[in-house]
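See structure below.
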Amino acid sequence: EVKLFSLIFVTLAFYISGMALYSNSQRLRPAATAFVGTGLAILPFIGFALTSLGGFSGEVAWLITSIVGLLAYAVAATRLQSELVSYLTMAFVLSLALSAVSTLSLSIVWYFIVMVGVSLLCNSLHILWPTALPRIFAKPIEKTGQITTPIALVASLLTGSSMDLFMYEVLYGIATAHYLVVWLEKRERMYEAVVRVLAHIT
């Protein structure tokens, strides 16, 4: 317990002191950014510590780390106006969704469905409410689906016989909806072709 508390305390000390320095001192902003970055870098390891030192299950530790990480990275990205941190924030959005699947002990297909679902929600948010979130998140939200949806579709084909045909229909149907939203936003022939192919597969 002492080791776990010490790790959490050190992480909070780096993060909070860095944010305070960044807000109060123009000259010390490079050091403040380094402090915040150190705290954010240590944060994922707290998840391992919750399991090995705190006695939490892996699923619960993953969920807690994802929630805390999402909040910490989102605040840091907004405050520091860092595009890199904003992309990492989107990674924690995806991590939170996947950790919820793990916590609920759902089948493997739900990991793929959730990945594509997050992509669909991100692109829908980007096209319907482009000013709902700070501008620093605009590009990461737009690009998230272009990375996660192909990965989910390819990974689903590598699961062997653990998925039945109906679940593939659901997965590829959601992927079709995702790329339809992307096509509505960009109106590019490539995305139109992807929508047609995925619709036929579904």
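The values are calculated or read from the model by the stated rules, or taken from the named source; none is laboratory data. Worth saying up front: this structure is predicted, and the values here are computed from it rather than measured. For neighbour counting, all protein chains shown are included, and Cβ atoms are generated from backbone atoms with ideal geometry for every residue, glycine included. When the accessible area is computed, the model is the full protein with side chains, heavy atoms only, and any ligands, DNA or RNA have been set aside. Shrake-Rupley method; radii C 1.70, N 1.55, O 1.52, S 1.80 Å.
Summary table
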| item | result |
| --- | --- |
| So SER23, is it at pLDDT below 90, under 29 Å from LEU133 (Cα atoms) and in a helix (DSSP H, G or I) | yes |
| Matching residues in region 67-95 - criterion: being over 15 Å from LYS143 (Cα atoms), in a helix (DSSP H, G or I) and either open to solvent by 50 Å² or more (accessible area, probe 1.4 Å) or of a type in the set (Asp, Glu) (or both) | ILE67, VAL68, LEU71, VAL75, THR78, ARG79 |
| Check on GLY39, surrounded by 14 or more Cβ atoms within 10 Å (Cβ to Cβ), of a type outside the set (Val, Ile, Thr) and either touching a strand residue (DSSP E or B) at 6+ places or on another chain (Cβ under 7 Å) or not in a helix (DSSP H, G or I) (or both) | no |
| Among the residues listed as ALA32, ALA13, ALA61, ALA49, the single one being part of a helix (DSSP H, G or I) and surrounded by fewer than 17 Cβ atoms within 10 Å (Cβ to Cβ) | ALA13 |
| Region 143-202 - residue that is of a type in the set (Ser, Thr, Tyr) and open to solvent by 50 Å² or more (accessible area, probe 1.4 Å) and, of those, modelled with the lowest pLDDT | SER161 |
| Region 43-71 residues that are farther than 16 Å from PHE9 by Cα, paired with ones that are surrounded by fewer than 18 Cβ atoms within 10 Å (Cβ to Cβ) and of a type in the set (Phe, Trp, Tyr) (beta carbon under 8 Å, 6 or more apart) | ALA61/PHE48 |
| Selection count, region 96-139, where residues are without any contact (Cβ under 8 Å) to a residue 24 or more places away in the chain, open to solvent by 40 Å² or more (accessible area, probe 1.4 Å) and more than 30 Å from ASP164 (Cβ to Cβ) | 8 |
| Odd one out for GLU142 among (1) on the phi > 0 side of the Ramachandran plot; (2) assigned to a helix (DSSP H, G or I) | (1) |
